[in-house]
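What follows is a set of notes on a single structure, which appears directly below.
The values are calculated or read from the model by the stated rules, or taken from the named source; none is laboratory data. Remember, predicted model here, so these are calculated numbers, not experimental data. Here the Cβ positions follow ideal geometry from the backbone for every residue, glycine too, while neighbour counts run over all protein chains shown. With ligands, DNA and RNA removed, areas are computed over all heavy atoms of the protein, side chains included. Shrake-Rupley method; radii C 1.70, N 1.55, O 1.52, S 1.80 Å.
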Amino acid sequence: MAEPRRPVAETELAAFADPEARDNYRVLLRFRERLLEAGTLEGCYAALFRGAGVDLPPLFVDQLAHVILRNILEGCEAPLMLRAAELLFREQKATLREGHVLLADLETVEMHASGSRYGGLGKLIVEAQGTLGRVELEVLDAANATLYWERESRHDTVISLGFGGAALEALCRVLEAWVAHFLAIAVRVQPVRAIEERRWAWHVGLDAESTAILNELWQGREVDAGRMRRILALFRLEFGDPATARAEVRGRPVYLALSSGEDDVVRLKPQNLLLNLPLHEA
């Protein structure tokens with residue numbers, strides 16, 4: 001701890017009797033070297049997705065995004081923006097209720113389902129009855145958003161991605177801030193009900209499923225209704241300065257999509273916005 005940048009030789013790691021401990025330290029040291037080489041958290045994060053591939057566990061990547069967003073949203077007094085920002089580093093469970101898509105923190109949902117949220121007694125109930133009684137998590141909207149301040153560390157609030165809703169607009173503002181922070185460009189993100197253009201100029205999937213679906217639609221291939229229903233939100237992104245975009249797409253919007261997987265889990269990949277926007281080389 002006194003010398004956090006001190007080189008660590010392989011012979012020192014070999015002194016650990018537990019092979020898993022040696023491997024864990026190697027991962028941590030690789031993370032440290034990436035940080036030192038990049039010089040900033042943002043530089044480290046961006047560099048992970050350039051080159052041979054990500055060589056750190058997903059938890060490290062998510063925590064980097066978490067810390068960076070904490071910096072981006074420093075002083076933010078809009079609780080729905082902070083809750084929406086959690087989508088960029090915490091997986092969400094999607095549920096359709098009365099025509100609205102609700103997103104709840106996946107880890108919290110699983111904790112409730114396993115009974116561990118309630119300690120040993122809860123686990124016994126699960127083992128005996130197979131499930132706990134239905135747990136109602138608070139749905140945040142504009143009227144009760146201040147509840148977030150007292151519960152942010154518990155990750156037990158739900159947001160609705162309904163079109164025109166406050167949470168969806170909050171997510172748009174978060175995506176704009178993310179792009180501005182990393183790329184130093186202004187963009188405007190707005191939710192849309194559908195992509196009206198038959199041959200749109202560019203798209204970015206905010207997750208693996210959205211990327212696959214948008215690619216197939218753009219290529220003119222038919223996507224079955226079951227997969228189409230996984231699309232939870234569509235967005236239209238426009239550049240504040242049209243010259244920011246490549247010449248072939250200048251003046252035209254970029255469409256974004258957010259989807260859930262077959263397991264109804266949303267795994268938003270914010271790095272896609274940094275790597276796949278059609279930016280002018282200059």
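I'd like the full set of residues that are modelled with pLDDT of 85 or more and aliphatic (A, V, I, L, M), limited to the stretch 15-24. Scanning the stretch 15-24 gives a single hit, ALA21.
Among the candidates ALA208, ALA201, ALA186, ALA180, which residue alone is open to solvent by 20 Å² or more (accessible area, probe 1.4 Å), more than 18 Å from the chain's Cα centre (by Cα) and within 28 Å of GLY43 (Cα to Cα)? First the steps, then the outcome.
Numbers: ALA208 fails: more than 18 Å from the chain's Cα centre (by Cα); ALA201 fails: within 28 Å of GLY43 (Cα to Cα); ALA180 fails: more than 18 Å from the chain's Cα centre (by Cα).
Checking each option against the conditions leaves just ALA186.
Quick check on my filter: what residues within the stretch 169-199 are assigned to a loop (DSSP other than H, G, I, E, B) and either among the polar types (S, T, N, Q) or farther than 16 Å from LEU279 by Cα (or both)? ARG193, ALA194, ILE195, GLU196, GLU197, ARG198, ARG199, listed by residue number. Candidates ARG90, ARG97, ARG22, ARG26: the one that is touching a Phe, Trp or Tyr at 6+ places or on another chain (Cβ under 6 Å) and on the phi < 0 side of the Ramachandran plot is ARG22. Listed by first and then second residue, the pairs linking a residue in the stretch 48-64 that is within 12 Å of ARG34 (Cβ to Cβ) to a residue that is open to solvent by 60 Å² or more (accessible area, probe 1.4 Å) and of a type in the set (Lys, Arg), with Cβ atoms under 8 Å apart and 6 or more places separating them unless they lie on different chains, are ASP55/ARG30; LEU56/ARG30.
Of the residues GLY220, GLY226, GLY240, only one is surrounded by fewer than 15 Cβ atoms within 10 Å (Cβ to Cβ), under 16 Å from LEU183 (Cα atoms) and either at pLDDT below 95 or of a type outside the set (S, T, N, Q) (or both); which? Walk me through it before giving the result.
Values: GLY220 fails: under 16 Å from LEU183 (Cα atoms); GLY226 fails: under 16 Å from LEU183 (Cα atoms).
Going through GLY220, GLY226, GLY240 in turn, the sole match is GLY240.
Go through the stretch 25-57 and report how many residues are hydrophobic (A, V, I, L, M, F, W, C), modelled with pLDDT of 90 or more and over 22 Å from LEU13 (Cα atoms). Residues flagged as hydrophobic (A, V, I, L, M, F, W, C), modelled with pLDDT of 90 or more and over 22 Å from LEU13 (Cα atoms) within the stretch 25-57 amount to 7. Of the set (1) free of Cβ contacts under 8 Å to residues at least 24 places away in the same chain; (2) in contact with a helix residue (DSSP H, G or I) (Cβ under 9 Å, 6 or more places away or on another chain); (3) of a type in the set (A, V, I, L, M), all apply to LEU237 but (1).
Checking each residue in the stretch 73-94 for being among the hydrophobic types (A, V, I, L, M, F, W, C), farther than 10 Å from VAL174 by Cβ and open to solvent by 20 Å² or more (accessible area, probe 1.4 Å) picks out only PHE89.
For ALA194, the requirement of being among the small types (Gly, Ala, Ser), open to solvent by 30 Å² or more (accessible area, probe 1.4 Å) and more than 16 Å from ALA94 (Cβ to Cβ) is met. The residue of the stretch 132-168 that is surrounded by the fewest Cβ atoms within 10 Å (Cβ to Cβ), among those that are outside any helix (DSSP H, G or I) and of a type in the set (Val, Ile, Thr), is VAL135.
Of the helices (runs of 4 or more DSSP H) lying entirely inside the stretch 2-117, those containing at least 1 residues that are of a type outside the set (D, E, K, R), in contact with a Gly (Cβ under 9 Å, 6 or more places away or on another chain) and closer than 23 Å to ARG151 by Cβ span 106-114.
Using beta carbons and a limit of 9 Å, which pairs, at least six apart or on different chains, have the first residue in the stretch 21-46 and open to solvent by less than 70 Å² (accessible area, probe 1.4 Å) and the second one hydroxyl-bearing (Ser, Thr, Tyr)? That search, which allows pairs on different chains as well, returns ALA38/TYR45.
Here is a yes/no grid of residues against (1) within 24 Å of GLU42 (Cβ to Cβ); (2) open to solvent by 30 Å² or more (accessible area, probe 1.4 Å); (3) not in a loop (DSSP other than H, G, I, E, B):
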{"residue": "GLU248", "(1), (2), (3)": "no, yes, yes"}
{"residue": "ALA257", "(1), (2), (3)": "no, no, yes"}
{"residue": "GLY261", "(1), (2), (3)": "no, no, no"}
{"residue": "LEU273", "(1), (2), (3)": "yes, no, yes"}
